[in-house]
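Structure first, then comments.
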Amino acid sequence: MIMLYSCASSRIIDRPIIFDSQRIELTKEYLDKRYGIESDSININPKMIVLHWTAIPTLEGSFDAFNGAVIPGWRSVVENASTLNVSSHFLVTRDGTIYRLMPETVMGRHVIGLNHCAIGIENVGGTQETPLTEAQLMSNIWLVNYLNDKYEIDYLIGHYEYTKFEGHKLWLEKDDGYRTEKEDPGEEFMKAVRDATKKLNFKPLPQKQ
Ligand SMILES: [Zn+2]
């Protein structure tokens, strides 16, 4: 019997969300309208990892929220800014399974101001009944290491910290009125991931005046 030894990336399971011509066009429109980036490319230069929770308790519910190209109409503030649906590059289930929903270097819509340089990791759960798990913590730590080996990542942030980048050179959102309040993935989870990835020496977050 032949034993197969797993290489690092085999821990990732590809489960692509819809990325049809409509989503590509909406992504280009988002880059142009929100960031002033007029380009035929929807690729990003990853400089940052943003951790999230979906606030949806199941894998399928979370996947469905990202799958369509167009945002459902119920999130009017977000919808007004663009009809491109939200997405992230990775989705981690409650047992720590890692799904890759889209290519790592294509723009996902998961963090205002910073999507042009940010890789998103979503975690299933985050409701009162579904706090993030130890297995998710381990998989996030693994993913942060994996991405840091592959790209020149400067920053690791929790979604709730994104407004600290207002005024920073990476911040490109044009509309000062377009902000959403976030608390994901929780301070405790962020502290645990940061403690476990100290040796990667990410830059400290910008201090706003
Ligand atoms: Zn988030």
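The values are calculated or read from the model by the stated rules, or taken from the named source; none is laboratory data. Predicted model only: the values in this text are computed from it and were never measured. Cβ: placed from backbone, ideal geometry, glycine included. Neighbour counts: every protein chain shown.
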- Message: So for segment 63-71 (the condition being at pLDDT 95 or above, more than 26 Å from TRP171 (Cβ to Cβ) and within 16 Å of the ligand (Cβ to nearest atom)), does at least one residue qualify?
- Response: yes
- Item | Hits in segment 110-144 - residues which are under 25 Å from PHE165 (Cβ atoms), within 15 Å of the ligand (Cβ to nearest atom) and either part of a loop (DSSP other than H, G, I, E, B) or aromatic (Phe, Trp, Tyr) (or both) | HIS110, VAL111, ILE112, GLY113, LEU114, ASN115, GLY126, LEU132
- Restricting attention to segment 29-53, which residues are buried (at least 21 other Cβ atoms within 10 Å of the Cβ), closer than 19 Å to HIS159 by Cα and away from the ligand (no atom under 16 Å from the Cβ)? ARG34, ILE44
- Please work out which one of (1) modelled with pLDDT of 95 or more; (2) farther than 27 Å from GLU60 by Cβ; (3) part of a loop (DSSP other than H, G, I, E, B) is the condition LEU156 fails and give its number. (3)
- Note on the structure: Filtering segment 161-181 for residues that are under 16 Å from ILE37 (Cβ atoms) and without any contact (Cβ under 8 Å) to a residue 24 or more places away in the chain leaves a count of 1
- Query: Any idea which residue in segment 83-122 is nearest to ASP175 (Cα to Cα), counting only those that are among the hydroxyl-bearing types (Ser, Thr, Tyr) and surrounded by fewer than 19 Cβ atoms within 10 Å (Cβ to Cβ)?
  - Reply: THR83
- Message: Regarding segment 19-27, can at least one residue be identified that is assigned to a loop (DSSP other than H, G, I, E, B) and either modelled with pLDDT of 95 or more or in contact with a strand residue (DSSP E or B) (Cβ under 6 Å, 6 or more places away or on another chain) (or both)?
- Response: yes
- Task: Identify the single condition in (1) touching a helix residue (DSSP H, G or I) at 6+ places or on another chain (Cβ under 8 Å); (2) among the β-branched types (Val, Ile, Thr); (3) outside any loop (DSSP other than H, G, I, E, B) that THR163 does not satisfy, given that it satisfies every other one.
- Result: (1)
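Anything in segment 72-87 that is within 13 Å of the ligand (Cβ to nearest atom) and in contact with a helix residue (DSSP H, G or I) (Cβ under 7 Å, 6 or more places away or on another chain)? List them, or say none.
VAL86, SER87
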